[in-house]
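The values are calculated or read from the model by the stated rules, or taken from the named source; none is laboratory data. Small disclaimer: the values here were computed from a predicted structure and weren't measured. Positions of Cβ are backbone-derived with ideal geometry, glycine not excepted, and every protein chain shown enters the neighbour counts.
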């Protein structure tokens, strides 16, 4: 049972570099999400996708972009990384979006350090 | 903005009961979730409340009072494996039904 797979697990990146975090789910869930988790701040929503072909901005979207070309994949791109983007990034999915959004299923996280 | 408050840390003894409170002031409300997150791992779903009252699931129970903007998670018969962070999250219809999370409560269970 795979669920949600994220890659890489961990990465150290120089400031100014471009980075894509990959996320793939095999549950055929409609909705997918990217959160970042920082000490004392909890999980904050970066971007989301209610269904394939659509995306939306969360609480902290600046400096990040996403795409949802198909149901399974939801990559997160940092166009030009900055040290404040050092964080643990979690990809998640749910069967549905909207008022029927049930529990979220999370990947194992990607720890990103920007120097 | 969203305001979801939980205590930062709690410590309890194995076999005891711990209650983790969560208060929220959000633009809208359409359900409250509790997640468990062990150190270095992904959050996993524990419970969901949308109506007032108590939901029981084995050793874990969750309570909601919508009029007070208040929930708690009750962990009974604590075990060492319950040492983890517990995250409160509110589903908000004014934010496209997306979950807003509190900062989490780290529970340490001592022998």
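Within the range A:63-82, being in contact (Cβ under 8 Å) with a residue 40 or more places away in the chain and farther than 15 Å from residue A:43 by Cβ holds for A:71, A:72, A:73, A:74, A:75, A:77, A:78, A:79, A:80, A:81, A:82.
The set of residues in the range A:43-57 being surrounded by fewer than 21 Cβ atoms within 10 Å (Cβ to Cβ) and either within 13 Å of another protein chain (Cβ to nearest Cβ) or closer than 18 Å to residue B:102 by Cα (or both) consists of A:44, A:51, A:54, A:55, A:56, A:57. In the set (1) modelled with pLDDT of 95 or more; (2) surrounded by fewer than 20 Cβ atoms within 10 Å (Cβ to Cβ); (3) more than 19 Å from residue B:91 (Cβ to Cβ), the condition left unmet by residue A:60 is number (3). Restricting attention to the range A:83-115, the residues that are within 11 Å of another protein chain (Cβ to nearest Cβ), assigned to a loop (DSSP other than H, G, I, E, B) and touching a residue at least 12 places away in the same chain (Cβ under 8 Å) add up to 7. As a summary of the residue check, residue A:15 satisfies the conditions (1) within 12 Å of chain B (Cβ to nearest Cβ); (2) touching a residue at least 60 places away in the same chain (Cβ under 8 Å); (3) in contact with a helix residue (DSSP H, G or I) (Cβ under 8 Å, 6 or more places away or on another chain) except for the one numbered (1). Checking each residue of the range B:40-47 against the condition of being within 13 Å of chain A (Cβ to nearest Cβ), touching a residue at least 60 places away in the same chain (Cβ under 8 Å) and on the phi > 0 side of the Ramachandran plot gives no match. Residues that are surrounded by 12 or more Cβ atoms within 10 Å (Cβ to Cβ) and touching a helix residue (DSSP H, G or I) at 6+ places or on another chain (Cβ under 9 Å) number at least 2 in the following strands (runs of 3 or more DSSP E) confined to chain B: B:105-110. Tell me whether the range A:51-60 contains one or more residues that are under 29 Å from residue B:105 (Cβ atoms) and in contact with a helix residue (DSSP H, G or I) (Cβ under 9 Å, 6 or more places away or on another chain). Within the range A:51-60 (the criterion being under 29 Å from residue B:105 (Cβ atoms) and in contact with a helix residue (DSSP H, G or I) (Cβ under 9 Å, 6 or more places away or on another chain)), the answer is yes, since at least one residue qualifies.
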